[in-house]
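J.: Below: one structure in structure tokens.
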Amino acid sequence: MNQNDLNGSPPARRKPVRSAASRERSRTLKLLLLIALVLALWALAIVGIVNLLKKDRTPQPVPAEVTTAAATPDETLPPEDTAPSTSAPDKNGLLFETKEVSASGIYRGDLILVNRDHAYRFEENRETKIISLYTFWREWPAYSYKLQSSELQLADFICTRMSEMFDAFLAETGDNSYLITSGWRSYEEQVETVAEMIAKYGSEEEAMKYTAPPGYSEHHTGMAFDTYIFVKDGDKTATYKPGAADMPPLYNWIYENCARFGFIKRYDEEKSGITGYSGESWHFRYVGKPHAALIAEKNFCLEEYLDFLREYTYRNYLEYTDPEGAKYAIYYEKVENETVVTPAVTDAAGTEVAPPVIGDRFPDRVALRLPQGVPCEISGDNVSGFIITVKLS
Ligand SMILES: [Zn+2]
């Protein structure tokens with residue numbers, strides 16, 4: 001053991017002695033390796049670029065052919081996907097861009113769902129113009145239907161659509177016996193209606209099978225009406241309940257034709273488990289074109305129809321050609337809720353008097369994917385988003 005070892009220093013290393021030829025070989029080898037490395041990097045870069053180009057040229061997935069197509073479930077898109085699209089227009093010439101709208105629009109529009117679970121939002125619909133149907137009817141040129149009361153009211157555009165429908169009935173049959181018995185109802189009127197129904201049926205439970213709690217009636221929208229049939233022949237008169245066994249078959253006309261004017265028979269007996277109402281063969285609701293035709297074709301109630309539409313996104317929209325040959329693109333834009341925490345309430349002494357509340361609400365503004373430069377109709381569903389309807393041809 002020498003002194004060096006005791007100090008813990010390692011023994012000096014001896015450098016290997018190499019010949020000049022060996023050094024030359026090593027240098028050549030290094031050079032070759034370097035060239036190989038550079039070539040490999042080039043090859044990788046080229047493959048990468050080709051892949052990128054391929055990706056850019058890959059066409060957008062073509063939406064599956066219409067009504068029978070299986071729909072793609074909605075998806076949450078990363079932020080970059082909400083930027084204006086720079087890809088080519090699709091086969092229908094549609095190119096989508098992002099536009100901001102007020103989220104309160106969820107509660108407005110032809111397709112809002114108002115039922116026992118979803119209240120009508122009076123506040124969000126205060127601009128809906130409710131007018132006297134009697135005044136409108138007196139000024140409407142054709143005497144194509146009758147009114148049970150001069151107090152009846154409806155949304156202004158529904159007065160027009162409904163009158164156009166009965167004008168067609170009069171033109172096709174020479175008859176004008178449909179009798180409008182109910183139209184728009186205020187919250188207060190629904191309170192009265194419920195009281196009357198409880199008196200009639202003997203209990204609130206029984207009454208609620210036939211009427212909606214205040215705030216939850218479709219009549220609040222101004223887009224629903226009830227009709228009976230009042231036939232006057234000389235001195236003889238007869239009143240029929242639509243769909244009743246004794247009703248003359250002529251009056252099936254409304255069921256066969258209402259979709260042409262944007263109306264649906266809202267409550268079918270066979271759908272009562274979904275709608276929450278027994279069949280109401282006299283109650284019609286406006287949902288607009290082409291939705292009324294599609295609902296009738298599919299034999300959906302409005303609840304089922306909205307569930308069906310919620311499966312279609314702007315990337316894979318529903319294409320529908322209505323019975324009149326007009327072609328539409330229809331899709332759903334879901335609005336994500338945000339969680340809102342309302343802080344706890346404390347009194348002057350700092351004692352908590354109400355706990356913090358965690359709830360969901362929609363943001364004030366939402367971004368929708370809408371077709372660029374093409375008019376479209378936007379309707380809320382009164383639940384969680386918007387239905388976009390684009391007329392293609
Ligand atoms: Zn009704």
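J.: Give, in nm to one decimal, the length gained when the segment between Asn299 and Glu269 is fully stretched (0.36 nm per residue of separation minus the Cα-Cα distance).
T.: Using 0.36 nm per residue and subtracting the Cα-Cα distance, I get 9.6 nm.
J.: Now for a different question. What is the calculated FRET efficiency for Ala142 to Thr321, with r their C-beta to C-beta distance and R₀ = 41 Å, to the nearest 0.05?
T.: Given R0 = 41 Å and the Cβ-Cβ separation, E is 0.85.
J.: Another question, if that's okay. For a paramagnetic label modelled at 7 Å from the Cα of Asn92 toward its Cβ, which residues of the range 291-305 fall within the zone defined by backbone nitrogen distances under 19 Å?
T.: Residues 291-298, 305 qualify, since their backbone N sits under 19 Å from the label point.
J.: GluC sites (Glu not before Pro) within the range 272-377: which are DSSP loop residues with at most 12 other Cβ atoms inside 10 Å?
T.: When the GluC sites (Glu not before Pro) of the range 272-377 are filtered for loop state and at most 12 Cβ neighbours within 10 Å, Glu324, Glu336 remain.
J.: Here is a further query. Give me the number: length gained by fully extending Lys232 to Leu113, i.e. 0.36 nm times residue separation minus the C-alpha to C-alpha distance, one decimal in nm.
T.: 39.2 nm
J.: How high is the FRET efficiency from Glu172 to Val374, r the C-beta distance, R0 30 Å, rounded to 0.05? Let's see the in-between values first.
T.: On the way: r = 34 Å, r/R0 = 1.14.
So the FRET efficiency works out to roughly 0.30.
J.: Whose amide H sits under 5 Å from the amide H of Phe96, counting only residues 5 or more places off or on another chain, with H placed in the peptide plane?
T.: Amide H neighbours of Phe96: Ser85, Gln372.
J.: How high is the relative contact order of the range 190-312? Use alpha-carbon pairs under 8 Å, at least six apart in sequence, and give a whole percent.
T.: Here the relative contact order equals 19 percent.
J.: Subtracting the Cα-Cα distance from 0.36 nm times the residue separation, let me have the gained length for Glu164 to Asp364 in nm, one decimal.
T.: Full extension from Glu164 to Asp364 adds 68.3 nm.
J.: Then there's this: Measure off 7 Å from each Cα along the Cα-to-Cβ vector at Asp307 and Thr135, then give the distance between these two points in nanometres to one decimal.
T.: Here the modelled spin labels are 4.2 nm apart.
Every number here is computed from the coordinates shown, using simple stated rules; none is lab data. Note that the structure is predicted; figures quoted are calculated from it, not measured. Cβ coordinates were reconstructed from backbone atoms using ideal geometry, including for glycine residues, and neighbour counts include every protein chain displayed.
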